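The values are calculated or read from the model by the stated rules, or taken from the named source; none is laboratory data. None of the values given here were measured: they were computed from a predicted structure. Here Cβ is always computed from backbone atoms with ideal geometry, including for glycine, and neighbour counts include all displayed protein chains. We work out accessible area using only protein heavy atoms, side chains counted, and drop any ligands, DNA or RNA first. Shrake-Rupley method; radii C 1.70, N 1.55, O 1.52, S 1.80 Å.
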Amino acid sequence: LRRKLHNQVMELKGNIRVYCRVRPFLENEKTGNKHKVFRFPDTNIEQRSITHVAEGGLKYDGVTRASNKPSKFVFDRVFTPREKQEEVYNEVGNMVQSAADGYRVCIFAYGQTGSGKTHTMHGPLHGDDRGIIPRAASHIFEYCEKLETQGWTFSVSVSMVEIYNEKLRDLLTPNSKAPLEFHRHLKPADGEEADTVVDGLSEHTVTNAGEILKLLRKAGQIRQTAATHCNAQSSRSHTVFSMKINGFDSKEGKRRVGKLNLV
């Protein structure tokens, strides 16, 4: 019943949601008035809109040069620079729960260099600043342990692929010579649906959140990075971290398979 009601709430909130997160200004951005200014008009309520003001001169609207008027944008949720990693995860954690419940979930961080994608998704692996991936790992294993007392058994596996210069690389088995190619898997296993998979990509079975953190640390050491004007160590690639949660209810003989893609 909990799973059914949770899924209904998720569908009511929208199967596709777009959030906006604004990072704090860096030290070199706090001087002068050349930087762009964001305002958050939804005072004392959950932020859903953001107003962008370009200081001085005229702005370009994509077609013609226009007068410098504030532009308002509306999202499903806006996170201001004051909101911490925990508050971001409190919003997306229900989607992680859906993956543990046997659904497919994707959380995709998109933005320009230095906007905070890696910090939001990864962050440090411990402490209050840890990002969505380490928090999701803890979340899923806490839930699995809870259901194991009710007769469930779980198997969790993870993979992590880097896309750099249009080439795929396995970040968890970097020395593998196996070619990586996308493939449409039309004959899934019991409890699964047809899926797009990466042939040759290694999957690692994990038994606790700590093992996932070790794999993340290993992958982070070989990711393609470089310095930019915005970031001393900016990721120069795209990564897809996947968790597959395979659960079996021994009492009713039912199986469910959920997948969480964190991009």
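Residues that are among the small types (Gly, Ala, Ser) and at pLDDT below 80 within the range 189-206 comprise 189, 191, 194, listed in sequence order. Residues of the range 67-101 that are aromatic (Phe, Trp, Tyr) and within 13 Å of residue 132 (Cα to Cα): 89 alone. Entry remark, the range 117-152: residues being surrounded by fewer than 13 Cβ atoms within 10 Å (Cβ to Cβ) and either of a type in the set (S, T, N, Q) or within 22 Å of residue 197 (Cβ to Cβ) (or both) number 2 in total.
Restricting attention to the range 8-31, the residues that are assigned to a helix (DSSP H, G or I) and either modelled with pLDDT under 85 or open to solvent by 50 Å² or more (accessible area, probe 1.4 Å) (or both) total 8. Restricting to the range 154-177, give me the number of residues that are among the hydroxyl-bearing types (Ser, Thr, Tyr) and farther than 20 Å from residue 211 by Cβ. Matching residues across the range 154-177 total 1. Out of the residues in the range 207-226 that are over 23 Å from residue 181 (Cβ atoms) and either in contact with a Ser or Thr (Cβ under 7 Å, 6 or more places away or on another chain) or aromatic (Phe, Trp, Tyr) (or both), state the one that is modelled with the highest pLDDT. Among those residues, the one meeting the criterion is 209. Might you let me know whether the range 121-128 holds any residue that is under 17 Å from the mean Cα position of the chain (by Cα), among the aliphatic types (A, V, I, L, M) and over 22 Å from residue 22 (Cβ atoms)? So far as the range 121-128 goes, yes, one or more of its residues are under 17 Å from the mean Cα position of the chain (by Cα), among the aliphatic types (A, V, I, L, M) and over 22 Å from residue 22 (Cβ atoms).
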